[in-house]
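The values are calculated or read from the model by the stated rules, or taken from the named source; none is laboratory data. No experiment lies behind these values; they were computed from the predicted model shown. As a convention, Cβ positions derive from the backbone with ideal geometry for all residues, glycine included, and neighbour counts pool all protein chains shown.
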Amino acid sequence: MKSDAWFRYFAIGSTWFWLGVFSLLAFLLMLLASIMRQDQAHILYLPFTFNNYVLSFSPIYLTIFLRSFYLAGFCTFLCLVLAYPFAFLIARAEKNRREIMMLLLIIPFWTSSLIRSYAMVSLIKTKGIINTLLLTLGIIHQPMQLLYTNTAVMIGLVYNLLPFMILPLYANIERLDMRLVEAARDLGANRLTILKRIIIPLTMPGIVAGCILVLLPAMTLFYIPDLLGGAKSMLLGNLIQYQFLTAHNWPQGAAISMVLTLLMGLMLIAHKLLSHGKDSNEDFV
Amino acid sequence: MQEKVIVELHGVSKNYHNQTVLQNIDLTVNDGEFLTLLGPSGCGKTTILRLISGFEEPSRGSISINGQKVNGVAPHLRHVHTVFQSYALFPHMSVFENVAFGLRCQGAHKSEISDRVMAALKMVKLEQFAFRKPVQLSGGQQQRVAIARAVVNRPLVLLLDEPLSALDYRLRKTMQLELKQLQRQLGIAFIFVTHDQEEALSMSDRVVVMEEGTIQQMGSPREVYEEPSNLNVAKFIGEVNIFSVTVLATEGKTLTVNIEGSEHTYTNKRDFVVGDEVNILLRPEDIRVYDNTEVTDTQDMLPGIVEEVIYKGSTVDLMIRLSTGKLLHATEFFNEDDDSLVYTIGERIWVQWVPGWEVILPEGV
């Protein structure tokens, strides 16, 4: 009895400890940095200022914000469109085949995504595997310029983030009660109606979770635009990285990070409020 | 008057992975009748429903609904609806939206949808719950939503797949009555699947007894109970005492057998010859039990000892060990003549049955 209680305190306590040190403390340090100053001689110094936040909304940063949102949003959309049928396929496959498919999906994760992005470069560069193959087959007559374009960045982002969309969708679709689909068919619903009125509403929690998991990294995976976009397309992640590592302007980087965190938080709250207002499916699915 | 056939299965077989689930089923369902498919789990009764609703296709044979062959027709294009065992209510929709679903699929007009949905909900006494979610309802209420959701579309046939099995005993009794009333009110055919023989007998116009993918017997509840066509049916529907005996003598339509040491002569429809092996079937309620003080003439009676007494309120069930060692089930009813239905374990009694209530089946059937 006593050791049980002790274990409980230990388990919960260690979770709080980890969250406290690596999440809350880190967040507070960033918050602190974002309202400090910086010059040639000092990385950070007092007194406090809100100037970094004011600067964060200057036109040049705003442009990067909007571009990032646009690209990340598009990437999220692509991931959703690609992942949904795939997740459905896995979730509805026979059990042993399902395990193999999940394994195939997860294996690439064991390699660093940085290394995989380098591999992507060698695939899509002008004299890379894809161009050589297409030229040899006579499908194209001159090499395509893929590397260092927005398309390359998009391919890289989608490739790296697709599993983050597939996994929550899979978890959700697997629990989808197929008897409901049968009932809908029995009541005269065609495939489109079933998809629109039964399957998508019931898997909405998975869709939302997947979108959140993809959208944030899509904006901040700085090395993918660097490698595949040739540092031409600066996204939010690159901007923050630039402020910290190149410009040595920690307060500015911290402030931009804070704004991003705030935006994400607002989106989460908005989703929570909206889904509660509509009496969402999460209670059932 | 020739009754209108609404569903017809002709020579239907169904195999899954080389396993035969249904074998050469011929079945016709008349318009407006309450037909029950009765059998143990795995006998293929649910498969018949799924073949009619279109979720499965027969391996052989044809199915027609309202005179139209429907082999290969998708479920959403068949005008039959199902009440599922799990209810399968859409959890993200209100009761109203659940019931309206089928009408919306047909593209019915808004005001018509509202009228018909509310009428259907009124019929199942749920109109005040229209805007609740299914999880906020009790099991019985969810069941009624499932029924309303199916009947609102005015199907030619309503298929019910063990719809009451998740309900408790009392509620099940109430729902049986309501379903029966609803069926009369709607006047459409109900095909009801159950493994509960009591439910089948009390609700149906016709019972189809199934076992291992074949139809064992079709008939009114009275027929399948009182004149079972084989031992399977007799054993599945109610309790039965079986005596395996040899025909000793025949004369016209009568035959003489020796049951546990006493000779009996019975009339029967079949032609048996001397030496035939037959099974004599007696229901527990056919058996009369007397204690020593009640009898003077024990001519046609068998002596036995009470082994178990099961008090059931309106009846008392007895397990009786005959002097030959055979165990007999008997059910005694309370009535004015016999108000002292008190038996003690180990009590010596006499057993008798009414000639003419027995069922005689040839051996091997």
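The single condition among (1) within 23 Å of the chain's Cα centre (by Cα); (2) in a loop (DSSP other than H, G, I, E, B) that B:V12 does not satisfy is (2). One residue stands out in region B:109-121 among those that are under 37 Å from the mean Cα position of the chain (by Cα) and either within 14 Å of chain A (Cβ to nearest Cβ) or polar (S, T, N, Q) (or both): the one that is surrounded by the most Cβ atoms within 10 Å (Cβ to Cβ), namely B:V117. Of all residue pairs spaced 6 or more apart or on separate chains, those with beta-carbon atoms under 7 Å, a first member in region A:165-182 that is more than 9 Å from chain B (Cβ to nearest Cβ) and a second member that is outside any helix (DSSP H, G or I) are A:L169/A:T203; A:N172/A:T203; A:N172/A:V285; A:I173/A:T203; A:R175/A:V285; A:L176/A:T203.
Of all residues in region B:15-27 being within 19 Å of the chain's Cα centre (by Cα) and either outside the structural domain of B:Q185 (by TED's automatic domain parsing) or surrounded by 15 or more Cβ atoms within 10 Å (Cβ to Cβ) (or both), which is farthest from B:V208 (Cα to Cα)? Only one residue tops the list, namely B:L22. Number of residues in region B:315-335 that are surrounded by 12 or more Cβ atoms within 10 Å (Cβ to Cβ) and touching a helix residue (DSSP H, G or I) at 6+ places or on another chain (Cβ under 9 Å) equals 8.
The single condition among (1) in contact (Cβ under 8 Å) with a residue 12 or more places away in the chain; (2) assigned to a loop (DSSP other than H, G, I, E, B) that B:T296 does not satisfy is (1). A Cβ distance below 6 Å, combined with a sequence gap of six or more or placement on separate chains, defines the contacts here; from region A:216-232, residues that are surrounded by fewer than 19 Cβ atoms within 10 Å (Cβ to Cβ) reach residues that are among the aromatic types (F, W, Y) in the pairs A:G230/A:Y148. I'm trying to understand the selection: among the residues of region A:187-199, which are more than 7 Å from chain B (Cβ to nearest Cβ) and of a type outside the set (D, E, K, R)? Answer for region A:187-199, where residues must be more than 7 Å from chain B (Cβ to nearest Cβ) and of a type outside the set (D, E, K, R): A:L192, A:I194, A:L195, A:I199. Against the condition within 24 Å of A:L80 (Cα to Cα), within 14 Å of chain B (Cβ to nearest Cβ) and in contact with a Leu (Cβ under 7 Å, 6 or more places away or on another chain), how does A:L202 come out, does it pass? Yes: the conditions hold for A:L202.
Checked against (1) within 11 Å of chain A (Cβ to nearest Cβ); (2) under 22 Å from B:K14 (Cα atoms), B:A100 passes all but condition (2).
Considering B:A100, B:A120, the condition of being modelled with pLDDT of 90 or more, part of a helix (DSSP H, G or I), assigned by TED's automatic domain parsing to the domain that holds B:Q23 and closer than 23 Å to B:G32 by Cα is satisfied by B:A120 alone. Among the residues of region B:43-51, some residue qualifies, meaning at least one is out of contact with any strand residue (DSSP E or B) (no Cβ under 8 Å at 6 or more places or on another chain) and either within 14 Å of chain A (Cβ to nearest Cβ) or at pLDDT 90 or above (or both). All conditions in (1) surrounded by fewer than 16 Cβ atoms within 10 Å (Cβ to Cβ); (2) more than 9 Å from chain A (Cβ to nearest Cβ); (3) aliphatic (A, V, I, L, M); (4) over 23 Å from B:S13 (Cα atoms) hold for B:V73, with the sole exception of (4).
Considering only region A:85-97, I want to know if a residue exists there that is within 14 Å of chain B (Cβ to nearest Cβ), out of contact with any Leu (no Cβ under 8 Å at 6 or more places or on another chain) and closer than 30 Å to B:N153 by Cα. So far as region A:85-97 goes, no, none of its residues is within 14 Å of chain B (Cβ to nearest Cβ), out of contact with any Leu (no Cβ under 8 Å at 6 or more places or on another chain) and closer than 30 Å to B:N153 by Cα.
Taking the criterion of being assigned to a helix (DSSP H, G or I) and under 27 Å from B:G67 (Cα atoms), the residues of region B:147-175 that qualify are B:I147, B:A148, B:R149, B:A150, B:V151. Of all residues in region A:234-261, those that are within 13 Å of A:M36 (Cβ to Cβ) and part of a helix (DSSP H, G or I) total 7.
Taken over region B:71-83, the criterion of being of a type outside the set (D, E, K, R), in a loop (DSSP other than H, G, I, E, B) and touching a Ser or Thr at 6+ places or on another chain (Cβ under 9 Å) is satisfied by B:N71 alone. Scoring B:V21 on the criteria (1) aliphatic (A, V, I, L, M); (2) in contact with a Ser or Thr (Cβ under 7 Å, 6 or more places away or on another chain); (3) not in a strand (DSSP E or B) leaves a single failure, condition (3). Within region B:179-203, being of a type in the set (D, E, K, R), within 17 Å of the chain's Cα centre (by Cα) and closer than 19 Å to B:H81 by Cα holds for one residue alone: B:K180.
Once region B:279-314 is narrowed to residues that are surrounded by fewer than 12 Cβ atoms within 10 Å (Cβ to Cβ) and hydroxyl-bearing (S, T, Y), the residue that is nearest to B:Y266 (Cα to Cα) is B:T296. Report the residue count in region B:85-97 for those that are in a loop (DSSP other than H, G, I, E, B) and either buried (at least 21 other Cβ atoms within 10 Å of the Cβ) or in contact with a Gly (Cβ under 8 Å, 6 or more places away or on another chain) (or both). Residues meeting the conditions: 5. Within region A:133-154, at least one residue is among the β-branched types (V, I, T), surrounded by 17 or more Cβ atoms within 10 Å (Cβ to Cβ) and in contact with a Leu (Cβ under 7 Å, 6 or more places away or on another chain).
Just wondering, is there one or more residues in region A:95-103 that are of a type in the set (K, R) and closer than 22 Å to A:V153 by Cα? Looking through region A:95-103, none of the residues is of a type in the set (K, R) and closer than 22 Å to A:V153 by Cα. Of all residues in region A:2-25, none are of a type in the set (G, A, S), surrounded by 11 or more Cβ atoms within 10 Å (Cβ to Cβ) and in contact (Cβ under 8 Å) with a residue 60 or more places away in the chain.
Inside region B:152-164, residues that are crowded, with 22+ Cβ neighbours inside 10 Å and touching a residue at least 40 places away in the same chain (Cβ under 8 Å) make up a count of 8. For region B:32-70, a residue qualifies if it is surrounded by fewer than 16 Cβ atoms within 10 Å (Cβ to Cβ) and assigned to a helix (DSSP H, G or I), but none of them does. Scan region A:38-83 for residues that are surrounded by 15 or more Cβ atoms within 10 Å (Cβ to Cβ) and touching a Phe, Trp or Tyr at 6+ places or on another chain (Cβ under 9 Å) and the total you get is 6. For the criterion of being touching a residue at least 12 places away in the same chain (Cβ under 8 Å) and more than 13 Å from chain A (Cβ to nearest Cβ), B:R132 fails. On the stretch given as region B:106-126, residues that are of a type outside the set (A, V, I, L, M), more than 25 Å from A:R191 (Cα to Cα) and out of contact with any helix residue (DSSP H, G or I) (no Cβ under 8 Å at 6 or more places or on another chain) total 3.
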